[in-house]
Amino acid sequence: MFFPFKQPIQAASFGEEQFVVIFPRYNGSEDYLIRIKTIIQFHRESDTSFLVVMNLVPGNGIKDVQNILVYFNQSGFDVHYLVLSSSWYERKMISSADIALFEEAVENGTVHLLDRVVTKSLQRFNERTAEVKGEMLKVLETKRVYF
């Protein structure tokens, strides 16, 4: 079955809050940006939060997220970036220089850095999951209401 737009989901941990999760199934960031805009427009009238999954790929390559950041900077949305700086597969972290560049590119929004090293550790992964949940709950508590 094919659903052209993700429908809002709920998670017990977040009460009645609805989320639309947008994953990067795309050939490049331009295609992904079109998908993001289309899904947001489709759900514009609903009381829904959007969770957009992005890889922080710097440079001018096909997966560079700069155009997506420009869109969110100009959107007027209440944007929160949860940066998971540790890799699951390797003991690698996003460099502080790359995080600084990302923070510099964010003109509209708040960056939440979650720097727990999780490399192939289920316990640390579960701890990071709890941290992500905690950050999301804090964001939801301050969610703007538009009339």
Given (1) over 27 Å from T48 (Cβ atoms); (2) out of contact with any Phe, Trp or Tyr (no Cβ under 6 Å at 6 or more places or on another chain), L114 misses just (1)
Taking region 25-37 and keeping only residues that are open to solvent by 40 Å² or more (accessible area, probe 1.4 Å) and touching a residue at least 24 places away in the same chain (Cβ under 8 Å), one is left with N27, E30, K37
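Conditions tested, residue by residue: (1) closer than 17 Å to E30 by Cβ; (2) in contact with a Lys or Arg (Cβ under 8 Å, 6 or more places away or on another chain); (3) of a type in the set (S, T, Y); (4) open to solvent by 50 Å² or more (accessible area, probe 1.4 Å).
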site: V52; (1), (2), (3), (4): yes, no, no, no
site: D64; (1), (2), (3), (4): yes, no, no, no
site: F77; (1), (2), (3), (4): no, no, no, yes
site: M93; (1), (2), (3), (4): no, no, no, yes
site: F102; (1), (2), (3), (4): no, no, no, no
site: V106; (1), (2), (3), (4): no, no, no, no
site: G109; (1), (2), (3), (4): no, no, no, no
site: L113; (1), (2), (3), (4): no, no, no, yes
Exactly one of Y89, Y32, Y81, Y71 is in contact with a strand residue (DSSP E or B) (Cβ under 9 Å, 6 or more places away or on another chain), modelled with pLDDT of 90 or more and either of a type outside the set (A, V, I, L, M, F, W, C) or more than 22 Å from I9 (Cβ to Cβ) (or both), and that residue is Y81
The number of residues in region 122-147 that are of a type in the set (K, R) and outside any helix (DSSP H, G or I) is 2
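The values are calculated or read from the model by the stated rules, or taken from the named source; none is laboratory data. A quick note: this is a predicted structure, and the numbers were derived from the prediction, not measured. Note that we place each Cβ from the backbone using ideal geometry, even for glycine, and neighbour counts take in every protein chain shown. Surface areas here come from the heavy atoms of the whole protein model, side chains and all, with no ligands, DNA or RNA. Shrake-Rupley method; radii C 1.70, N 1.55, O 1.52, S 1.80 Å.
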